[in-house]
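What follows is a single structure, written as structure tokens, with notes after it.
The values are calculated or read from the model by the stated rules, or taken from the named source; none is laboratory data. This structure is a prediction, so every number in the text was calculated from the model and none was measured. For neighbour counting, all protein chains shown are included, and Cβ atoms are generated from backbone atoms with ideal geometry for every residue, glycine included. Ligands, DNA and RNA are stripped out before the accessible areas are found, and what is left, the full protein with its side chains, is counted by its heavy atoms. Shrake-Rupley method; radii C 1.70, N 1.55, O 1.52, S 1.80 Å.
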Amino acid sequence: MVEGQRIVIDAMDMRIAESLRETFALWEHGALNRGDLEERIFTLATETNIDKVLSRLPAPWADVLLAQLQGWAEGPDREPLFIFGGIYAYETEPNPLKAAEMRRELEEQQAADVKHFKEVILPIIRTWWAKRTSTAR
């Protein structure tokens, strides 16, 4: 049983290491802007293991992630913001019925993303932060 657990833990470590390697390679080649980089790191941390991701990040990025997590953990309940710097496909769709359907689908997906954040991600962050601050005392 212990050996099987070790394999799972090693697989997670490998996933984190590979994901960070890929993310920083994209950043270094100019394929990601700072916001996209931070979002990928935040998502990786909250989907895997926050402490393991923090331990693998270089100092400036670990500090950024820690500040983001602290802000969500200690801050008031609020909606996450999704910033998109482009044109949505429904905005250029000539058929008004299809455009309305496309917009409705987008709004449903955004609502689902907000719900997932509030019901899954935020509790993960707050639980992690509570453990972190209680052991620091």
Exercise. Could you tally the net charge around GLU39, taking each other residue with its Cβ under 15 Å from the Cβ of GLU39, Lys/Arg +1 and Asp/Glu -1?
Key: -3
Quiz item: Going by accessible area, probe 1.4 Å, with all protein chains left in place, what is the ranking of LEU81, LEU20, largest first?
Solution: LEU81, LEU20
Quiz item: About its Cα centre, how strong a charge dipole does the chain have in debye, to the nearest 20, once Lys and Arg get +1 and Asp and Glu get -1 at the Cβ?
Solution: 520
Self-check item: Computed over the chain: relative contact order in percent, which uses C-alpha pairs under 8 Å that are six or more apart
Solution: 21
Quiz prompt | Probe 1.4 Å, protein heavy atoms only - accessible area per residue of the stretch 27-137 in square angstrom | solution = 68
Exercise. Could you tell me how many degrees, from 0 to 90 and to the nearest 10, lie between the Cα long axis of helix 122-136 and the main elongation axis, the longest principal axis, of the Cα atoms of the chain?
Key: 30
Quiz item: Using the alpha-carbon atoms, what tilt in degrees (0 to 90, nearest 10) does helix 2-28 show relative to the longest principal axis of the chain?
Solution: 50
Quiz item: At a 1.4 Å probe, what is the % contribution of carbon and sulfur to the accessible area of the stretch 23-123?
Solution: 55
Quiz item: Longest segment of the chain with no chymotrypsin sites (Phe, Trp or Tyr not before Pro) in a DSSP loop having at most 11 other Cβ atoms within 10 Å?
Solution: 1-81
Quiz item: Which Cα, out of PHE82, MET14, TRP27, lies furthest along the positive dipole direction of the chain (beta carbon charges, K/R +1, D/E -1)?
Solution: MET14
Quiz item: What angle do you read, to the nearest 10 degrees and between 0 and 90, between the alpha-carbon axis of helix 96-116 and the longest principal axis of the chain?
Solution: 20
